[in-house]
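Input: a single structure, listed below in C-alpha cells.
The values are calculated or read from the model by the stated rules, or taken from the named source; none is laboratory data. If you're wondering where the values come from, they're calculated on a predicted model, not measured in any experiment. Cβ coordinates were reconstructed from backbone atoms using ideal geometry, including for glycine residues, and neighbour counts include every protein chain displayed. With ligands, DNA and RNA removed, areas are computed over all heavy atoms of the protein, side chains included. Shrake-Rupley method; radii C 1.70, N 1.55, O 1.52, S 1.80 Å.
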Amino acid sequence: MMGSVRAAAVLLGNTLRDLAPIIVIIAFFQIFVLRQPVDNLGDIAVGFVFVMLGLAIFIQGLEMALFPLGEALADAFARKGSLFWLLSFAFCLGFGTTVAEPALIAVGAEAANVMAKAGFIGAGAESESFYAQALRYTVAVSVGTSLMIGVMRILKGWPIQWLIIGGYILVVLLTAIAPTEIVGIAYDSGGVTTSTITVPLVTALGVGLASAIVGRNPMIDGFGLIAFASLLPIVFVLVFGVVISL
C-alpha cells in the first residue's frame, strides 16, 4: 500500500515538473508583460490540477498497456516469420489509429470549407463532406503505407537518412506542381497524424521489432517510424491535390 502511494506521489511529482515550464511562462507574461489580473483564477487552478492528473494517468497507461502491447505484438509477428502478416499489421495499425484521429477530422472539415469558399471544389455540404472524407482516408492510407516502409527498413537494414532525404526531395518536386491551395493542407497533414495513440504504439512496434530480429539494434533501427508517418502524408496529399485538380 505504501509502495503504491509512494509511486503515485512520484508520478504526480514528475508530471508537475513537466508542466512547470508552461505555468511559469504563462505567469510571467501575465504578470510582467500584460500586467492584468487573471480572470477565474480558481477555475484555471482546478483545470491545471485536472490536466496534471490526466497526464499522469495517461503516462501510466502508456507504460502499463500501449508500450508493452506494441512490443509484444512486434515480437510475436517477428517470431511468426510471416512478412505478409507483419506488413498487414503495420498497415492496419497506421490506418486505424489515423482514420479516427480527431485532429485530422477537424483539419479535413476546415480544409473542405475553405476549398469550397475558394471555388476549388463544388459548394454544398455533399461536396465538402466528400472532399473531407477523401482527404482523411488519403492521409490514413499514407500512414499505413509509411509504417509498412518503416517495417521493411528495419527488416532490411536500409539507412533511414536516404529514405528521408529522398522523401523530402519528392515533397519539394510535388510542391512545385501541386495546386497552391493544397500545399499548406498537405504540410499540416504530416503533423496531425502523430497522435497520442499512434506515437506510443508505433514507437513500441519499431523498438520491439528491432529487438526481436537478430543483428538489429533497437537504438539505431527501432526508431524512425514516426518520421515516415509524418513525411508520407505530405506526399500523398500533394498527389491527391494534383489528381483532383485534373
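Here are a few things to note about the model shown:
- Net length gained if the chain between ALA20 and GLU110 were fully extended (0.36 nm per residue, minus Cα distance): 29.1 nm
- Zero-based 10 Å bins, Cα pair distances in segment 94-181, whole percents: 16, 33, 35, 13, 3
- The chain: DSSP helices with Cα axial extent of at least 18 Å and average Kyte-Doolittle hydropathy no lower than 1.0: 2-28, 41-61, 83-99, 102-117, 160-177, 198-212, 225-244
- In the context of the full set of protein chains, residues of the chain present 56 Å² of accessible surface per residue (probe radius 1.4 Å, heavy atoms only).
- Extension gain, ILE164 to ALA27: 0.36 nm times the residue separation minus the Cα-Cα distance gives 45.3 nm.
- With N the number of residues in segment 1-89, Rg(Cα) / (2.2 N^0.38 Å) evaluates to 1.72.
- Kirkwood hydrodynamic radius of segment 138-207, Cα pairs, Å: 13.6 Å
- Rounded accessible area of ILE177 (nearest 10 Å², 1.4 Å probe): 120 Å²
- If only the Cβ of Lys and Arg carry +1 and only the Cβ of Asp and Glu carry -1, the dipole of the chain around its Cα centre is close to 620 debye.
- Computed over protein heavy atoms with a 1.4 Å probe, the carbon and sulfur contribution to the accessible area of segment 18-110 reaches 75%.
- Computed with the Debye formula from one identical point scatterer per Cα of segment 78-124, without solvent, the log10 of I(q)/I(0) at q = 0.20 Å⁻¹ comes to -0.71.
- Ligands, DNA and RNA left out, the accessible area of segment 133-246 computed with a 1.4 Å probe is 72% carbon and sulfur.
- Rh by Kirkwood over Cα pairs, then Stokes-Einstein D for segment 24-157 at 0.890 mPa s and 25 °C, µm²/s: 128 µm²/s
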